[in-house]
Structures are given as structure tokens and as C-alpha cells.
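Read through the structure below, which is laid out as C-alpha cells, and then see the notes.
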């Protein structure tokens, strides 16, 4: 992928993700993580090569910022994609209710406006808006980066519960190594330089996962391996 003919942002990328997998992409700033996600979402066309998948797969993208419409209520923000898709009213109401339940919101929350919500609650609404389309593939671009550590960990756990309940394929971009290891079946370390090797690090912790996992020696060891790989610029394969 190149935005001009001289400086490719991504080159030589060969990445395969199976249905139902949870993959985390990590790498230094500017290595092309968000560009890769936008290619997967179909928001960008690759300069060369292909981005493939099932032709009828539904894809949803969650950005770093919630990007909620301030004049709409929570429920109205969540139903927006269904309005654009022309889904009939009864099914829309059912799906919005399901999405509200997934993020732990009740009817009192559904009628609030974004200004009445905390940062974490707005991020939950953004996630529910993506899930309301019942996507086969959920792409997340550092959605919890602006939150404090405690809230971030809580939302990580809620995201895993949603992933388990839906069986959705997920690709999660993050700078946070612990977050990547906690969430993913596989961490992909992107190279610091264009055309370098992508390092694939399996995460073999069983599911479901809970907060206690973060305090284990095995978790610390694997997070350390990923961190060392990042410091090495993705050149050294983690064993």
C-alpha cells in the first residue's frame, strides 16, 4: 500500500486470519497498523495485491474515537447503521435491544445523549453500534487507548465476553502489549521498517480468560517476549 509512488506504507504483507480468531496487531507508531485495518475494512484499495475474504462477510470497524452524533440518544446512535442499511423497524428495535444488553446498558441509558456519558460509556456505545449489524469480522483501531488502565482492563474483559458470545472474527490494533496478550489468540508484531518480517506469536492461554490471568508468571513472560520483539523491530522470532 502506497499513498505515493516512492514511499510504500505496507509492503510484502502476507497475513491470514481464520474465522473466529482474535488477532492483535502491535508495532511502533507509523508502521501501518491502522492502514492495514482500513484495507481489511475496504476503506482503502491496495496499490498491489489483494485483500480477500468471504464475499458475503459483514465487516464493522470501531475507531479510536467514539464519533457519536451528539444530537442523538444512545439508542439512536446504535441504530444508525441499520437505518442506512434499510433494516425494517421491528428488526431494528430488536437488534438495538440486543446490542444494549451486550454492553450492559438499560433503558435509562438508552435515552441519554453522548454528553451525559463517561468516556468508557461512549466507547461501549461505539462498540454496540458496530455490533448491531451482526458483523462476521470486527475490526478495532485502538478503541480503549484514551481510557485509564482500570477501565481499559474492564472493557477488555467485556470485549472478550462479547467475542465469546458472538464468535466474531476480531482484529485489534493496539500499542499496549498486555492488552494484546490478554485479548488475542495470536499477536502479530509489525516491523518498524516497510517490507520487514511480520512476527506471529501464538497466545495459548485457554478461554474464557479473566483478570487473574494478568497476575500469572506465564502472562508476564509472554508479554515480555512480545515487548522484546517490539524493541528488536520485529527482526527476531519469538520462540
Quiz item: Using the alpha-carbon centroid of each, what span in Å lies between the range 183-205 and the range 1-70?
Solution: 14
Quiz item: In nm, what is the difference between 0.36 nm times the number of residues separating residue 111 and residue 210 and their Cα-Cα distance?
Solution: 32.5 nm
Quiz item: Can you give me the relative contact order of the range 70-182 as a percent, contacts being Cα pairs under 8 Å and 6 or more apart?
Solution: 29
Self-check item: the chain: relative contact order as a whole-number percent, Cα under 8 Å and 6+ apart
Solution: 28
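In cubic angstrom, how much convex hull volume per residue do the alpha carbon atoms of the range 68-135 span?
76
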Quiz prompt | Listed residues 208, 81, 66, most fluctuating in the chain (Gaussian network, C-alpha, under 10 Å) | solution = 208
Self-check item: Taking all pairs of distinct alpha-carbon atoms in the chain, Kirkwood radius in angstrom
Solution: 18.8
Exercise. Among 69, 61, 222, rank each residue by its count of other Cβ atoms within 10 Å, from fewest to most, as a rough exposure measure.
Key: 69, 61, 222
Practice problem: Write down the radius of gyration of the range 109-239 and its Dmax, each obtained from C-alpha positions, in Å. | Solution: 16.0, 51
Exercise. Provide the gained length on full extension for the span residue 147 to residue 165, in nm with one decimal, where the gain is 0.36 nm per separating residue minus the Cα-Cα distance.
Key: 4.1 nm
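Stretch residue 11-residue 93 to full length: gain in nm at 0.36 nm per residue minus the Cα-Cα span?
Details: separation 82, 0.36 × 82 = 29.52 nm, distance 4.37 nm.
Full extension of this stretch gives 25.2 nm more.
Read-outs throughout are calculated quantities, based only on the coordinates presented, and are distinct from any laboratory measurement. Note that this is a predicted model, so its numbers are computed, not measured. Cβ coordinates were reconstructed from backbone atoms using ideal geometry, including for glycine residues, and neighbour counts include every protein chain displayed.
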